[in-house]
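S.K.: Handing you a structure now.
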Amino acid sequence: MEIRKMKSEADVIIPVYKPTEKLIRLLDQLKHQSCPVGRIILINTEQKYFDQLAKDYDFIKQYPNLTVKHITREEFDHGKTRNYGVSLSEAPYFVLMTDDAVPYDEKLIENLLAPFETEKVGVTYARQLPAEGCGVIESYTRSFNYPEASRIKSAEDLDSMGIKTFFASNVCAAYRRSLFDELEGFTNHTIFNEDMIYARKVIDSGNQIVYAAQAKVVHSHNYSGLEQFHRNFDLGVSHAEYPQVFSGLSTESEGIRLVKKTCKYLCSIGKPWLIVKLFWQSGWKYLGYFLGKRYCYMPRKLVKAFSMNKYYWH
């Protein structure tokens, strides 16, 4: 699809916390997009970290379309903070990114916006490629969750795709503003999964989600087993708190499928010893998710200790 390039149609909104030089590379890539970006809105948590990066790189004056708003750690919330960023934009489309997702090329915004020519498309999201130094297991997980082929998803896919129907990571995703406002945006108080909770509303409203594989960002993590535990504990909490979104759709089966396919892949590349690491990490993931789904039966101190987002419980 071709999209108009005469004027900017999308603002980019980025929650920021303890930014690194990846944010500089992200901003530089946005500056050179084939489809010009309107405003770049940074919602930064804890000003001292941002000020240090600005001092080290002196980058603010390089981006005249940059707006920076500071909030405290106590004020941050996955849904509310993004809603705040959106409220500062008047563009018909906006792109949400995280501060460590670097555009792969100058076509990112163009490829994210192209599917919106179809009126039913409410959200598009990008393919995530492994960063340099990414581990073998995490690299394969990227290809499992973000394959080479694009896909249009609607309510008709719920029976065959299950929870993957409304998987739409806002590590890098574009939104139609009119529908976003109609559906009242993200849930304000969320520990995790604000992107999927909103995406479910898009699907339930009869609209579509597009996985735009040609829109690519470089983004990956090498989480330890304990970090996987904390992250998946919060994932389990979000599933428990929003049964209307996640109930009746098995997530464990998708996880088992990933483990099986990763085992086959590790054997095929001659690294079967990494299966031990895979089982170790998968065990931590499952334990975190299992406990997170049952958080309401646990003492609050233990819940906070297990959670990655501790301020959520204040």
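The values are calculated or read from the model by the stated rules, or taken from the named source; none is laboratory data. Keep in mind that this is a model prediction, so the values were computed, not measured. Because the Cβ atoms are built from the backbone with ideal geometry, glycine has one as well, and the counts that use them run over all protein chains shown. Keep in mind that these areas ignore ligands, DNA and RNA; they rest on the heavy atoms of the full protein, side chains included. Shrake-Rupley method; radii C 1.70, N 1.55, O 1.52, S 1.80 Å.
S.K.: Given the structure, is LEU96 touching a residue at least 40 places away in the same chain (Cβ under 8 Å) and either open to solvent by 30 Å² or more (accessible area, probe 1.4 Å) or under 14 Å from the mean Cα position of the chain (by Cα) (or both)?
M.R.: Yes: the conditions hold for LEU96.
S.K.: Sticking with this structure for a sec: Would you confirm, using the coordinates I've provided, whether THR124 is at pLDDT 95 or above, surrounded by 20 or more Cβ atoms within 10 Å (Cβ to Cβ), part of a strand (DSSP E or B) and not aliphatic (A, V, I, L, M)?
M.R.: yes
S.K.: Given the criterion crowded, with 17+ Cβ neighbours inside 10 Å and basic (Lys, Arg), identify the matching residue among ARG25, ARG73, ARG82.
M.R.: Details: ARG25 fails: crowded, with 17+ Cβ neighbours inside 10 Å; ARG73 fails: crowded, with 17+ Cβ neighbours inside 10 Å.
Checking each option against the conditions leaves just ARG82.
S.K.: ASN170 is checked against (1) touching a helix residue (DSSP H, G or I) at 6+ places or on another chain (Cβ under 6 Å); (2) open to solvent by 20 Å² or more (accessible area, probe 1.4 Å) and fails just one. What number does that condition carry?
M.R.: (2)
S.K.: What are the residues in region 99-109 that are in a loop (DSSP other than H, G, I, E, B) and under 14 Å from the mean Cα position of the chain (by Cα), if any?
M.R.: Matches in region 99-109: ASP99, ASP100, ALA101.
S.K.: For region 215-229, how many residues are of a type in the set (Gly, Ala, Ser), closer than 22 Å to LYS310 by Cβ and surrounded by 15 or more Cβ atoms within 10 Å (Cβ to Cβ)?
M.R.: Applying the first criterion (of a type in the set (Gly, Ala, Ser)) to region 215-229 yields 215, 220, 224-225.
Subsequent filtering for residues that are closer than 22 Å to LYS310 by Cβ retains 224-225.
Next, from what is left, pick out any that are surrounded by 15 or more Cβ atoms within 10 Å (Cβ to Cβ): 225.
Total meeting the criteria: 1.
S.K.: Right, something else. Scan region 274-314 for residues that are outside any helix (DSSP H, G or I), in contact with a helix residue (DSSP H, G or I) (Cβ under 8 Å, 6 or more places away or on another chain) and open to solvent by 70 Å² or more (accessible area, probe 1.4 Å) and jot them down.
M.R.: The answer is LYS293, ARG294, MET308.
S.K.: Please report, ordered by residue number, the helices (runs of 4 or more DSSP H) entirely within region 20-87 with at least 3 residues that are more than 27 Å from LEU183 (Cβ to Cβ) and without any contact (Cβ under 8 Å) to a residue 60 or more places away in the chain.
M.R.: Details: elements: 21-31, 47-57, 78-87.
Passing ranges, in order: 21-31, 47-57.
S.K.: Right, TYR104: in contact with a Leu (Cβ under 7 Å, 6 or more places away or on another chain), of a type outside the set (Asp, Glu) and either on the phi < 0 side of the Ramachandran plot or at pLDDT below 95 (or both) or not?
M.R.: Here the answer is yes, as TYR104 does meet what is asked.
S.K.: Further question: Over 18 Å from ASN188 (Cα atoms) and open to solvent by 50 Å² or more (accessible area, probe 1.4 Å): which single residue out of PRO19, PRO64 fits that description?
M.R.: Numbers: PRO19 fails: open to solvent by 50 Å² or more (accessible area, probe 1.4 Å).
One residue alone meets the criteria, PRO64.
S.K.: Go through (1) over 30 Å from LYS201 (Cβ atoms); (2) over 23 Å from the mean Cα position of the chain (by Cα); (3) free of Cβ contacts under 8 Å to residues at least 40 places away in the same chain for TYR265 and report which single condition fails.
M.R.: (3)
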